[in-house]
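Each remark here refers to the structure printed beneath this line.
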Amino acid sequence: MKNKIWIIVIIAGILVLSATALIYILNKKSADQGSFLEKNDFLIYVPEGWVETNPPAGITTMILDAEEDITGTAAEKLNFRTYYSVIYDNLADNSKEDYITISKQSLVEAIPGLEITEENSETINNRDVYFMEAEFNQKDVDFKSLITIISGEGDDVWIISFNTMKSSWGKYKNLFYDISESFELKLASQ
């Protein structure tokens, strides 16, 4: 009977050590593959090899995949790189639903041929999050985008816009959603 107990204790110990080692390896691997960018109002995940660049006016931050190989693509002529940008906005007396509707209409009007291919809403980090995937063509390049609208404090809204070539969507789709889910607002008291 004592032998059975010792065998069970040894097996349990091996399982605990294996689980601990696996957790350590996974955490180390995750840390090696990127980091978090901390801004005044938020934190967001930045994959390894992606860099922050000077954003155009109205954009809070812009991160691009500096290691992406676009050789031989139509996007090479545009010097395009897959990127995401974070934008702050305000509901401006609109409901969240109206804001989303207005945003969709604005995109369709601003980008000829834009087609919204998928939409859904979730709650992430205790915040309402709306996801919209869209496809469009500009300058002979087929693009695919993910637009994430995140409810902030009060009337604040945060938009993360991910853009890549349609041919690269399979490579980036899960990463884009993971980055969206990593977005975390800092509390005003911090």
Check your understanding: What residue, of Ser95, Ser121, Ser103, is buried (at least 16 other Cβ atoms within 10 Å of the Cβ) and not β-branched (Val, Ile, Thr)?
Key -> Ser103
Check your understanding: Any residue in the range 160-182 that is of a type in the set (D, E, K, R) and part of a strand (DSSP E or B)?
Key -> no
Check your understanding: Taking the range 145-170 only, how many residues are among the charged types (D, E, K, R) and surrounded by fewer than 14 Cβ atoms within 10 Å (Cβ to Cβ)?
Key -> 1
Review point. Any chance the range 99-117 includes a residue that's closer than 16 Å to Asp156 by Cβ and touching a Leu at 6+ places or on another chain (Cβ under 8 Å)?
Key: yes
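Yes or no, residue by residue, for (1) of a type in the set (S, T, N, Q); (2) out of contact with any Asp or Glu (no Cβ under 9 Å at 6 or more places or on another chain):
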residue	(1), (2)
Arg81	no, no
Ser106	yes, yes
Glu109	no, yes
Thr117	yes, no
Tyr130	no, no
Gln138	yes, yes
Ile149	no, no
Lys173	no, no
Ser182	yes, yes
Practice item. Looking only at the range 171-190, decide whether some residue is within 18 Å of Phe36 (Cα to Cα) and more than 19 Å from the chain's Cα centre (by Cα). Key: yes
Practice item. From (1) surrounded by 15 or more Cβ atoms within 10 Å (Cβ to Cβ); (2) outside any helix (DSSP H, G or I), pick out the condition that doesn't hold for Thr71. Key: (1)
Exercise for review: Report, ordered by the first and then the second residue, all pairs with beta carbons closer than 6 Å, sequence separation of six or more or different chains, a first member in the range 125-137 that is assigned by TED's automatic domain parsing to the domain that holds Leu107 and surrounded by fewer than 18 Cβ atoms within 10 Å (Cβ to Cβ), and a second member that is assigned to a strand (DSSP E or B) and β-branched (Val, Ile, Thr).
Suggested key: Arg127/Ile150; Glu135/Thr117
Study note, to complete from the structure: Screening Ile116, Ile102, Ile150 for residues that are over 29 Å from Ala74 (Cα atoms), assigned to a strand (DSSP E or B) and assigned by TED's automatic domain parsing to the domain that holds Val86 leaves only Ile150
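The values are calculated or read from the model by the stated rules, or taken from the named source; none is laboratory data. Small disclaimer: the values here were computed from a predicted structure and weren't measured. Please note: Cβ atoms are built from the backbone with ideal geometry, for glycine as well, and neighbour counts cover all protein chains shown.
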